[in-house]
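> Here you go, one structure.
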Amino acid sequence: MTSMRVAQVGSPGQKFEIVRRELQEPGPGHVRITVEAAGICHSDAGFVQAAFPGVRFPLVTGHEVAGRIDALGEGVSDWKVGDRVEVGWFGGNCGHCVPCREGDFIDCTRLRVPGWAYQGGFADSMVAPVSALARIPDELSAAEAAPLGCAGVTTFNALRHSAARPGDRVAVLGLGGLGHLGVQYAQQLGFETIAIARGTDKEPLARELGAHHYVDSTAGKVADALKRLGGAKVVLATAANSDAMTATIDGLTHRGQLIVLGAVPQPLKISPIQLIMGSRSIVGHPSGTAQDVQDTLAFSALKGIRPMIETVPLDEVNDAYERMLSGAARFRMVLTTGN
Ligand SMILES: [Zn+2]
Ligand SMILES: [Zn+2]
C-alpha cells in the first residue's frame, strides 16, 4: 500500500468525501497504523461543525480507532509491527504543561486528540505517537474494540474513580452509546445498578445489559424513584441533557456524586442548598489516558463486555454519520476498512 483512502470533510458542516492520499511515514516516537475499524462518536459532529477551537480543514476525524502497527518511527522500542492497537480520545500529551508535570495527562492543556490535533481514523491508515497506544486483547475484534477508546474508557474510568464502592447503588442516566456500556461496567464492577431512560421500551435491554433496576424518567420524578431504591451514591450522567441530569440530584445519597459525561452547553439548574445538604458533589469527567484505554479493553475482555455496534464500510461514512446524528444507531456506528 502506497496510498490510502481518507474520509475527509472539506469545510465546516460539509459531507464526507472519500479521497486518496499518500501514506504518511511515522516520525520519531510515532507508529503508523493500518486502520481496521473506527467508531463514530457524537463529538465527531463537533469537529465536522468546527464547534471546537482550532479545527482545520480538510478534516479527517475519528478518535475510536482500532488496527495494527505496520511501520515504526525512530526510537520506538516497546511496540512492533503487527501489534494490535487502539487509539482513543487521548492521542498524546505535551509532557510539560502544569497538569502533565503533575502526572495528570488527560487534563493536558495541549491534549492531542486524533482527528483534531492530527489526522484521525476515518481512513485506511494513520500515524500516532506511542503515548497514544493501547494494546487490544485477542478476545476483542477491531470493531468491538474501537468504541471502547472513547465511549468505553469514559464510562469505565469514571466509575472506577468514583465515590462508589462495590455494593453501592450506581445509576446510569441514558442508554445510548455511552450508557449501554456504563450499565455493563457498573454491574461488572460490583455496583447495584440502576438504568434510567425515557419510556419503558428500553427496560428489557437495560436488564439484559445487567441493570438490577430500571427507572422510566417519564413516569414521575426521577429523584423520588432513586430515593425509593435507597438513593444512588453515583449518577453517571451519559445523556446529553442538562434537565435530565438536574432531575437526578435529589436522588443522590449523602456524599453522592453526579458525574457529568454528556457534553452539552446548557447549564445545570441546581441550587447550592441541594449540594450542601448531604455533602453532594458534581464532577466532570473527560475520558482516560492510553493506559486507561488499555485497562478498559482488558476489563471488557475479562468480563465479556462488548459494545453493541452497527458496522458500515468506510465508503458509506455519510450514511453512518447520519444514523449517529439522528439517534437511530443501536448503539455505536463503526466504520470498517476491510484491511
Ligand atoms: Zn468520543
Ligand atoms: Zn501537557
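The values are calculated or read from the model by the stated rules, or taken from the named source; none is laboratory data. Computed from a prediction, not measured in an experiment: that's the story for all the values here. When we count neighbours, we look across all protein chains shown, and the Cβ atoms used for this are built from the backbone with ideal geometry, even at glycine.
> List the number of the failed condition for Gly177; all other conditions in (1) under 21 Å from Pro313 (Cβ atoms); (2) part of a loop (DSSP other than H, G, I, E, B); (3) of a type outside the set (Ser, Thr, Tyr); (4) outside the structural domain of Gly230 (by TED's automatic domain parsing) hold.
(4)
> A follow-up question, please. I'd like the residue in segment 108-137 that is in a loop (DSSP other than H, G, I, E, B) and aliphatic (A, V, I, L, M) and, out of all such residues, is farthest from the chain's Cα centre (by Cα). Explain how you work it out, then say what you get.
Step one: of segment 108-137, the residues in a loop (DSSP other than H, G, I, E, B) are 108-113, 115-117, 119-122, 124, 136-137.
Cutting the leftovers down to aliphatic (A, V, I, L, M) gives us 111, 113, 117, 136.
Numbers: Leu111: 16, Val113: 12, Ala117: 17, Ile136: 16 Å.
This residue is Ala117.
> Another question, if that's okay. Out of segment 187-204, which residues are within 15 Å of Ala239 (Cβ to Cβ) and either surrounded by 17 or more Cβ atoms within 10 Å (Cβ to Cβ) or among the β-branched types (Val, Ile, Thr) (or both)?
Ile194, Ala195, Ile196, Ala197, Lys202
> Moving on. Of the residues in segment 1-20, how many are free of Cβ contacts under 8 Å to residues at least 40 places away in the same chain and loosely packed, with under 13 Cβ neighbours inside 10 Å? Even if it seems obvious, please write down each step before you answer.
Step one: list which residues in segment 1-20 are free of Cβ contacts under 8 Å to residues at least 40 places away in the same chain, which gives 2-3, 13-14, 17, 19-20.
Filter once more, so that each one left must be loosely packed, with under 13 Cβ neighbours inside 10 Å: 2-3, 13, 20.
So the answer is 4.
> Here's something else I'd like to know. When you scan segment 51-68, do you find a residue that is touching a Cys at 6+ places or on another chain (Cβ under 8 Å) and assigned by TED's automatic domain parsing to the domain that holds Leu314, even just one?
The first filter runs over segment 51-68 and keeps only residues touching a Cys at 6+ places or on another chain (Cβ under 8 Å), leaving 63-64.
Pick out the ones that are also assigned by TED's automatic domain parsing to the domain that holds Leu314 and you get 63-64.
Yes, segment 51-68 contains at least one residue that is touching a Cys at 6+ places or on another chain (Cβ under 8 Å) and assigned by TED's automatic domain parsing to the domain that holds Leu314.
> Further, regarding this structure: Examine segment 136-155 for a residue that is within 16 Å of ligand 2 (Cβ to nearest atom) and within 30 Å of Arg20 (Cβ to Cβ), and state whether such a residue exists. Show your work before the answer.
Narrowing segment 136-155 to residues within 16 Å of ligand 2 (Cβ to nearest atom): none.
For segment 136-155, residues within 16 Å of ligand 2 (Cβ to nearest atom) and within 30 Å of Arg20 (Cβ to Cβ): absent.
> In segment 48-80, how many are away from ligand 2 (no atom under 16 Å from the Cβ), more than 24 Å from Leu297 (Cβ to Cβ) and either under 23 Å from the mean Cα position of the chain (by Cα) or surrounded by 21 or more Cβ atoms within 10 Å (Cβ to Cβ) (or both)? Full working, then the answer.
First pass over segment 48-80, keeping only residues away from ligand 2 (no atom under 16 Å from the Cβ): 48-53, 55-80.
Restricting the remaining residues to those that are more than 24 Å from Leu297 (Cβ to Cβ) gives 48-53, 55-59, 74-75.
Next, from what is left, pick out any that are either under 23 Å from the mean Cα position of the chain (by Cα) or surrounded by 21 or more Cβ atoms within 10 Å (Cβ to Cβ) (or both): 48-53, 55-56, 59.
Qualifying residue count, segment 48-80: 9.
> Right, here's the next one. Given the condition in contact with a strand residue (DSSP E or B) (Cβ under 6 Å, 6 or more places away or on another chain), surrounded by 24 or more Cβ atoms within 10 Å (Cβ to Cβ) and in a loop (DSSP other than H, G, I, E, B), answer yes or no: does some residue in segment 142-163 qualify?
no
> Sticking with this structure for a sec: Tell me whether segment 227-236 contains one or more residues that are surrounded by fewer than 18 Cβ atoms within 10 Å (Cβ to Cβ), free of Cβ contacts under 8 Å to residues at least 40 places away in the same chain, outside the structural domain of Arg306 (by TED's automatic domain parsing) and in a helix (DSSP H, G or I). Before the answer, list the steps.
Kept after step one, since they are surrounded by fewer than 18 Cβ atoms within 10 Å (Cβ to Cβ), are these residues of segment 227-236: 227-230.
Going one step further and asking which of them are free of Cβ contacts under 8 Å to residues at least 40 places away in the same chain, we end up with 227-228.
Now drop any that are not outside the structural domain of Arg306 (by TED's automatic domain parsing), which leaves 227-228.
Narrowing further to those that are in a helix (DSSP H, G or I): 227-228.
Yes, segment 227-236 has at least one match.
> Here is a list of conditions, (1) in contact with a strand residue (DSSP E or B) (Cβ under 8 Å, 6 or more places away or on another chain); (2) part of a loop (DSSP other than H, G, I, E, B); (3) over 19 Å from Leu314 (Cα atoms), and Ala71 meets all of them except one; can you say which number that is?
Here Ala71 clears every test but (2).
> When only residues in segment 81-113 that are more than 16 Å from ligand 2 (Cβ to nearest atom) and crowded, with 21+ Cβ neighbours inside 10 Å count, which is farthest from Gly288 (Cα to Cα)? Don't jump to the end; show me each part of the working.
Residues of segment 81-113 more than 16 Å from ligand 2 (Cβ to nearest atom): 81-88.
So of that shortlist, the ones also crowded, with 21+ Cβ neighbours inside 10 Å come out as 85-88.
Working: Val85: 16, Glu86: 13, Val87: 11, Gly88: 9 Å.
Per the stated criteria, the residue is Val85.
> Right, another one. Would a scan of segment 196-208 turn up a residue that is closer than 18 Å to Ile259 by Cα, part of a helix (DSSP H, G or I), β-branched (Val, Ile, Thr) and touching a Ser or Thr at 6+ places or on another chain (Cβ under 9 Å)?
Residues of segment 196-208 closer than 18 Å to Ile259 by Cα: 196-197.
Narrowing the set further to residues that are part of a helix (DSSP H, G or I) leaves none.
Within segment 196-208 (the criterion being closer than 18 Å to Ile259 by Cα, part of a helix (DSSP H, G or I), β-branched (Val, Ile, Thr) and touching a Ser or Thr at 6+ places or on another chain (Cβ under 9 Å)), the answer is no, since none of the residues qualifies.
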